[in-house]
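A short worksheet on the structure shown next.
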Amino acid sequence: MSDFLSIAAMTAAVAIIFLDLWAIVSVFRSDKDVNVKAVWALAIAVLPVIGLVAWGVAGPRGVAEAPTSPEHSKG
């Protein structure tokens, strides 16, 4: 394999790893049930490319709101 192809393959692998990590963090930040989050994270980790594409098409959306308390409000 030539040097260019080796570098291209390593760059693609690193990009996929970072995208998978981002997707897993996004899954756990969603407002879905814990079991749904676990299944999505497992799918993304076990099947990096297919799991990432499937998550992009059908994965959980929305970010769970942070819990609020009167002590932390600026009211």
Pairs, first under 18 Å from Ala41 (Cα atoms) in the range 7-19, second of a type outside the set (Lys, Arg), C-beta under 8 Å, six or more apart: Ile16/Pro48; Ile16/Val49; Ile16/Leu52; Ile17/Pro48; Leu19/Leu52
Selection from the range 26-52 of residues that are open to solvent by 90 Å² or more (accessible area, probe 1.4 Å), under 11 Å from the mean Cα position of the chain (by Cα) and not basic (Lys, Arg): Phe28, Leu42
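The values are calculated or read from the model by the stated rules, or taken from the named source; none is laboratory data. All figures in this text were calculated on a predicted structure; none of them were measured in a lab. Positions of Cβ are backbone-derived with ideal geometry, glycine not excepted, and every protein chain shown enters the neighbour counts. We work out accessible area using only protein heavy atoms, side chains counted, and drop any ligands, DNA or RNA first. Shrake-Rupley method; radii C 1.70, N 1.55, O 1.52, S 1.80 Å.
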